[in-house]
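Below you'll find the structure, written out as structure tokens, and then a few comments.
The values are calculated or read from the model by the stated rules, or taken from the named source; none is laboratory data. Remember, it's a predicted structure, so these values are computed and weren't measured experimentally. As a convention, Cβ positions derive from the backbone with ideal geometry for all residues, glycine included, and neighbour counts pool all protein chains shown. Heads up: the accessible areas ignore ligands, DNA and RNA and are worked out on the full protein's heavy atoms, side chains in. Shrake-Rupley method; radii C 1.70, N 1.55, O 1.52, S 1.80 Å.
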Amino acid sequence: MDKVNEKILWFIILLCALAGFVAPKIVLALRPFVTTDADVVGPNIAEIELGIFGLHEQKHPGPDEFVLVVPGIRFNYGLPWDSEIVLETVGELIDSEYVGTLGIKEKQFADTAAFYKKVWWRGGGSIPNFATETGFVFPTEKGTSGLNFEGTGIFSWYLEKLTCHLTLGGGTEKGAFEHNARGLFIYGIILDVPLPQYKRLHFVSEYSGEKVESAILDHQLLGGVVWEGPLNIDYDIAGFTGLNNESVD
């Protein structure tokens, strides 16, 4: 990661931290999902989603790759016209030669992005909300270069006993403005089921995937629980498993 990208990244993180103190209303949440929902926070409201700790394991023919995710940050700030700004990044500590004893070989920020999200239609019952999220992914991972573009459409059904979010979209891989850029297809579906006897506790599940042009599909299945705690803070914990050799556990 070059010095310019590093300065941009730390500026985004500082902006997220400062906004958390000066915003009129604060909502804290943790969301391990890969995809998102067709909703935004209200104008001048900040939402901070903080991934405290995560583990990824990538299988290889030789030594596995083991990644500690500390932390994951997603900052949403509400704008007029039913829209919001989204800033996000993930800190990674990587052991690329994992053989049973952890030894950190690399440190980096990954999935660093800035998006504009807007809800175009709010439904009800069987008619879903519809939103779009478009923006740029910055090359903060080691060995990457060039700015990438991503755009997704999101449908959300808020039913009495079930909430469902469907995401479909695409973008570029390895530089949107470079000659060797490849296409990227993104999809995911989230199911959220509240427990009748514990209204503040939800079961959640997600199936998501990414397919880069001429590469093998990378897809995962996630399952966990969400607890709507006091002080407008939601807590959740989830595990996920890769569904082929190219996917992360």
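Check THR163, THR140, THR132, THR172 and return the single one that is surrounded by fewer than 18 Cβ atoms within 10 Å (Cβ to Cβ) and over 16 Å from TYR207 (Cα atoms). Step by step, each of THR163, THR140, THR132, THR172 is checked, and only THR132 is surrounded by fewer than 18 Cβ atoms within 10 Å (Cβ to Cβ) and over 16 Å from TYR207 (Cα atoms). Taken over region 106-129, the criterion of being open to solvent by 40 Å² or more (accessible area, probe 1.4 Å) and touching a Phe, Trp or Tyr at 6+ places or on another chain (Cβ under 6 Å) is satisfied by TRP120, TRP121.
Filter region 217-249 down to the residues that are assigned to a loop (DSSP other than H, G, I, E, B) and modelled with pLDDT under 85, then identify the one that is surrounded by the most Cβ atoms within 10 Å (Cβ to Cβ). So that I can check it myself, show each step before the final result.
Restricting attention to region 217-249, the residues satisfying the condition of being assigned to a loop (DSSP other than H, G, I, E, B) are 217, 229-232, 243-247, 249.
Imposing the further condition that a residue be modelled with pLDDT under 85 reduces the set to 231-232, 243-247, 249.
Working: LEU231: 7, ASN232: 12, LEU243: 15, ASN244: 12, ASN245: 10, GLU246: 13, SER247: 19, ASP249: 14.
Here the residue is SER247.
LEU79 meets the conditions (1) at pLDDT below 80; (2) open to solvent by 30 Å² or more (accessible area, probe 1.4 Å); (3) not aromatic (Phe, Trp, Tyr) in every case but one. The failed one is (1).
When SER156 is tested against (1) on the phi > 0 side of the Ramachandran plot; (2) at pLDDT 80 or above, only condition (1) is not met. Looking at GLY103, GLY146, just one residue is touching a Gly at 6+ places or on another chain (Cβ under 6 Å), modelled with pLDDT under 85, open to solvent by less than 40 Å² (accessible area, probe 1.4 Å) and not in a strand (DSSP E or B), and that residue is GLY146.
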